[in-house]
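Below is one structure, written out as structure tokens; comments come after it.
The values are calculated or read from the model by the stated rules, or taken from the named source; none is laboratory data. What you are looking at is a predicted structure, and each value in this text was computed from that prediction instead of being measured. Backbone-built Cβ (ideal geometry, glycine too); neighbour counts: all protein chains shown. Protein only, heavy atoms only, side chains kept; ligands, DNA and RNA dropped before computing areas. Shrake-Rupley method; radii C 1.70, N 1.55, O 1.52, S 1.80 Å.
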Amino acid sequence: MAGADPTRAAAGPEADTLPGPLHGLKVLDLSRVLAGPWASQVLGDLGAEVWKIERPETGDDTRLWGPPFVQGADGPSDAAYYLCANRNKRSVAIDFGHPEGAALVRRLAERADILLENFKTGALARYGLDYASLSAANPGLIYCSVTGFGQTGPYASRGGYDFLIQGMSGLMSVTGRPDDEPGAGPIKVGLPVSDLFTGLYAATSILAALHHRTATGEGQHIDCALLDSQVAVLVNQGMNHIVGGLTPGRLGNSHPNVVPYREFQTADGYVLVACGNDGQFRSLCGLLNLPELAADPRFRDNVGRLRDRKELEATLGAAIRQWTSTDFFAAMEAAGVPGGPINRIDQILADPQVAARGLLKRMERSDGTPVTVIGYPSQLSRTPATYRIAPQTLGEATADVLASLGVDEAERASLREKGVIRDGR
């Protein structure tokens, strides 16, 4: 990879001129912060035209969630947080709390295939922007609502935030060090995973609804909740309780079902060891020169290793501490034992594997400011993701999008004066 530009896609720059599998679809995005914008960015990456509706005064909350801020031609601009979820969108600044603004958004909804929103349950009805009102004018509209707790149930009226959902869902009860270790206590995941899981479920559900619409012509309402999504991805921990009656607890980096599967200290750092089967465990014992461990009937299979994990991991840990991390990584790779480092963010973004996969994409904002983003992770052989529009400044596309509705400059000037829109004029 010497001399290669890690921000260029492996498919070459011509890939960004392809239409994308969702080309021709129009998405009206009323959502803010992360879960909804994450879903709409997925749709935008795959070719849909996304109209991001923002408040004229401040825009999406995350524009201000810094530092760091991107440095534009006129100084600091939008926060890095905003840039992570808002490429391939056209920023349209409309205050739909104003009747004229709500009327403009309703006109856009008549032309849209998909609408995304993450307001509290029932909040958009006062503006005529609820599903019942908009689907009456556009029966094929796919309307996706993202909330903390869904449209029904005793918590439906509550606001939901990622941190709260991580706690309520049980995720924090299995994240962190156990009570008998230093640093014990529940802890959230270092990324807003409840928002991200919900955004991915929302995008998947929208694609399913599009397939249904292709067959029937019918749109529908999609009800996505952060709590539902996070409970759905309790996966093996949830099933451990359902099947075995267990109440999983915090295990630090240890796996609840597989041993050895955790971090171990080396002479100069830490390594991860992830033995997913008996053969890999025997190979680990071989490279550590511990044949007696592999032969011990207590550790012959995963059931025994799980039962006596403390004794086993203590013996493995003492042997691994004699190695340097680099030497142990090399030995694991040669022996076919899954393992790896605990990278910092800067290390993984500079990793040759990330460069080879073309995950970092260099884009340019309309004022010439360069922005590098972390791209869409799946590589579609025929219809790859594209990177057409860098995250826009607030209201950058308002004039063009409203012009497509027949709103001329004189009307836009009146709307600007009233504070209904912001269009960069």
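A few comments on the model shown:
- For region 24-133, the square roots a ≥ b ≥ c of the C-alpha gyration tensor eigenvalues yield an a/c of 1.5 or more together with a/b exceeding b/c, which makes the shape prolate.
- Placing unit charges on the Cβ atoms of the charged side chains and taking the dipole of region 9-104 about its Cα centre, the candidate lying farthest along the positive direction among 62, 101, 38 is 38.
- Using 0.36 nm per residue and subtracting the Cα-Cα separation, the extra length available between residue 151 and residue 346 on full extension is 66.2 nm.
- The spacing between region 109-174 and region 330-406, judged by their C-alpha centroids, is 28 Å.
- Protection proxy ranking of 224-231, 56-63, 142-149, 121-128 - average other beta-carbon atoms within 10 Å, highest first: 142-149, 224-231, 56-63, 121-128
- Carbon + sulfur, % of accessible area of region 146-287 - ligands and nucleic acids excluded, 1.4 Å: 58
- Label sites at residue 327 and residue 221, each approximated as a point 7 angstrom past Cα along Cα to Cβ, lie 6.5 nm apart.
- From most to least packed by mean Cβ count within 10 Å, the peptides 30-37, 77-84, 340-347, 274-281 give 30-37, 77-84, 274-281, 340-347.
- Kirkwood Rh, angstrom, region 140-291 [1 / mean 1/r, Cα pairs]: 18.5
- Most simply put, region 28-165 has about 20% antiparallel DSSP beta bridges, counting only bridges with both residues inside it.
- Size of electric dipole in region 320-425: Cβ of Lys, Arg +1 and of Asp, Glu -1, about Cα centre, debye, nearest 20: 200
- Debye, to nearest 20: dipole size of the chain, +1 on Lys, Arg Cβ, -1 on Asp, Glu Cβ: 400
- Segment residue 177..residue 71, full-extension length gain: 34.2 nm, with 0.36 nm per residue of separation and the alpha-carbon distance subtracted.
- Point-charge dipole on Cβ atoms (K/R +1, D/E -1) for region 249-360, about Cα centre, debye to 20: 340
- Net charge, residue 194 excluded, C-beta distance under 13 Å - Lys, Arg +1, Asp, Glu -1: -2
- The residues of the chain expose, per residue, 49 Å² of accessible area to a 1.4 Å probe.
- Of all accessible heavy-atom area on region 288-381, the percent that carbon and sulfur account for (1.4 Å): 55
- In this label model, residue 356 and residue 274 are separated by 1.7 nm, measuring between points 7 Å along each Cα→Cβ vector.
- Shape call, region 344-425: gyration tensor on alpha carbons, a/c limit 1.5: prolate
- Relative contact order [Cα under 8 Å, 6+ residues apart], region 274-425, whole percent: 14
- When DSSP beta bridges are restricted to pairs lying wholly in the chain, around 45% turn out antiparallel.
- Share of carbon and sulfur in the accessible heavy-atom surface of region 21-90 [1.4 Å probe, %]: 60
- Between residue 404 and residue 290, the modelled labels are 6.1 nm apart [label points 7 Å from Cα along Cα→Cβ].
- Across the chain, the relative contact order, built from alpha-carbon pairs under 8 Å that are at least six residues apart, equals 22 percent.
- Percentage, to the nearest whole number, of Cα pairs in region 243-382 over 26 Å apart: 41
- Rounded Å value of the spacing that divides the Cα centres of region 54-84 and region 267-327: 48
- Under the membrane-span-like helix rule (DSSP H runs whose alpha carbons stretch at least 27 Å along the helix axis, mean Kyte-Doolittle hydropathy -1.0 or higher), the chain yields 193-216.
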